[in-house]
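To start, the structure itself, in structure tokens.
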Amino acid sequence: MGDQKGVVVGGGTMGADIAGIFVANSDDVEVVEANEIARAKLAERIVASAGEIGAGKPLGRVRVVSSIDEVGWDGAYLLIEAVSEVLAVKQAVFADLEKAAPRNLPRTSNSSGFPISRIAEGLATADRMVGLHFFMPAHIVPCVEVIVGERSDRSVVDEVQAAIGKLGKKPVRVNKDIPGFLGNRLQAALMREALALVDGGFASVEDIDTVVQYSFGFRFVAAGPLMQKDISGLETLYASSSTIYPTLDNGGAPGPTAQRLKAEGKWGVRSKEGFYRWNDAKIAATKQRYMRDLHRALDILRDQEG
């Protein structure tokens, strides 16, 4: 392996795509995956993800191992855990890493909700631990949240954020270790209101998707919500907030539609029914269009970066 190397623990969908980011940027990567069947085609999957990004650089090399004990740590500058979203599993991984990985290596956890402070509980290396949150698909979506834990050394946070930036991603810092971080909290607020509108009979699922995609969601590629309001005028924001805020849903639990879907085992494309009905042809066509449009949006954002 080369002089610069990332280490990824967990070779599932997220782990493979994260590993692909290193490879696309000419860095080598070692991936720990315990499942023998998953290991068989993991290197191929990682190279495919790297090729999708199109960074225009020579690809780094991939090494897949079955356990943390097999990792070669020479040249490693960043470790990313991407195992199942189960707190006890993540905690066990970092307990093992405490014995195996070099003390000075920044170690991060890719989690969609667990605070890094909870994952780091009881560990002597908590000061070297930083939260990360990649958005699916991890190799394509530019933003990565960098979460400061209660015991995170700020110099380590700086080091992780700089490393993520050098890998061509757009890091944002979350200064307090709150559930859901930034992106998922904002998404959750939107989803709660969208479902409340369905539950109340105000609009169909299709029309709610359309109004998001073709109105304010359409603008988000050009500007975030706060900048967009600066552009449109804050006097309008104040006036509309005074009228709308008191009527927004403030429920503390999933509403009737979400509860019904759960009770009926309707999980979206996985079960061929969720908010929409699906068949194999529709799933394939939708995923193809979805990935195509994400690439187009990525091109726009790259142009903005100059």
Kindly establish whether residue 151 is touching an Asp or Glu at 6+ places or on another chain (Cβ under 6 Å), at negative phi and not in a strand (DSSP E or B). yes
Does any residue of region 168-179 turn out to be in a helix (DSSP H, G or I) and at negative phi? no
What is the residue count in region 217-267 for residues that are closer than 30 Å to residue 278 by Cα, part of a helix (DSSP H, G or I) and open to solvent by 70 Å² or more (accessible area, probe 1.4 Å)? 7
Quick check on residue 194: is it farther than 30 Å from residue 298 by Cα, open to solvent by less than 60 Å² (accessible area, probe 1.4 Å), assigned to a helix (DSSP H, G or I) and not hydroxyl-bearing (Ser, Thr, Tyr)? no
Restricting attention to region 34-58, report how many residues are of a type in the set (D, E, K, R) and touching a strand residue (DSSP E or B) at 6+ places or on another chain (Cβ under 6 Å). 1
Out of 97, 105, which single residue is in a loop (DSSP other than H, G, I, E, B), over 18 Å from the mean Cα position of the chain (by Cα) and at pLDDT 95 or above? 105
Under the condition of being surrounded by 17 or more Cβ atoms within 10 Å (Cβ to Cβ) and touching a residue at least 40 places away in the same chain (Cβ under 8 Å), which residue from region 78-94 is farthest from the chain's Cα centre (by Cα)? 93
Regarding region 284-299, can at least one residue be identified that is more than 30 Å from residue 170 (Cα to Cα), modelled with pLDDT of 95 or more and among the hydrophobic types (A, V, I, L, M, F, W, C)? no
Identify, from the list 293, 280, the residue that is open to solvent by less than 80 Å² (accessible area, probe 1.4 Å), charged (D, E, K, R), under 27 Å from residue 139 (Cα atoms) and within 27 Å of the chain's Cα centre (by Cα). 293
Residue check for residue 70: in contact with a strand residue (DSSP E or B) (Cβ under 9 Å, 6 or more places away or on another chain) and open to solvent by 60 Å² or more (accessible area, probe 1.4 Å): yes
Can you pull out every residue in region 115-131 that is open to solvent by 10 Å² or more (accessible area, probe 1.4 Å), without any contact (Cβ under 8 Å) to a residue 60 or more places away in the chain and within 17 Å of the chain's Cα centre (by Cα)? none
If residue 54 meets every condition in (1) open to solvent by less than 50 Å² (accessible area, probe 1.4 Å); (2) modelled with pLDDT under 95 apart from one, which number is that one? (1)
For region 165-173, check the following and say yes or no: at least one residue is open to solvent by 20 Å² or more (accessible area, probe 1.4 Å), more than 20 Å from the chain's Cα centre (by Cα) and within 21 Å of residue 18 (Cβ to Cβ). no
When you go through (1) touching a Gly at 6+ places or on another chain (Cβ under 9 Å); (2) at positive phi; (3) open to solvent by 60 Å² or more (accessible area, probe 1.4 Å) one by one for residue 26, which number turns out not to apply? (3)
Among all residue pairs at least 6 apart or on different chains, which show Cβ distances below 7 Å where the first residue, located in region 209-232, is at negative phi and the second is open to solvent by 100 Å² or more (accessible area, probe 1.4 Å)? 223/231
Take residue 144 and decide whether it is farther than 30 Å from residue 290 by Cα, touching a residue at least 12 places away in the same chain (Cβ under 8 Å) and crowded, with 19+ Cβ neighbours inside 10 Å. no
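The values are calculated or read from the model by the stated rules, or taken from the named source; none is laboratory data. These numbers come from a predicted model, not from an experiment. Virtual Cβ from ideal backbone geometry, glycine too; neighbours counted across all protein chains shown. Note: areas computed on protein heavy atoms with side chains; ligands, DNA, RNA excluded. Shrake-Rupley method; radii C 1.70, N 1.55, O 1.52, S 1.80 Å.
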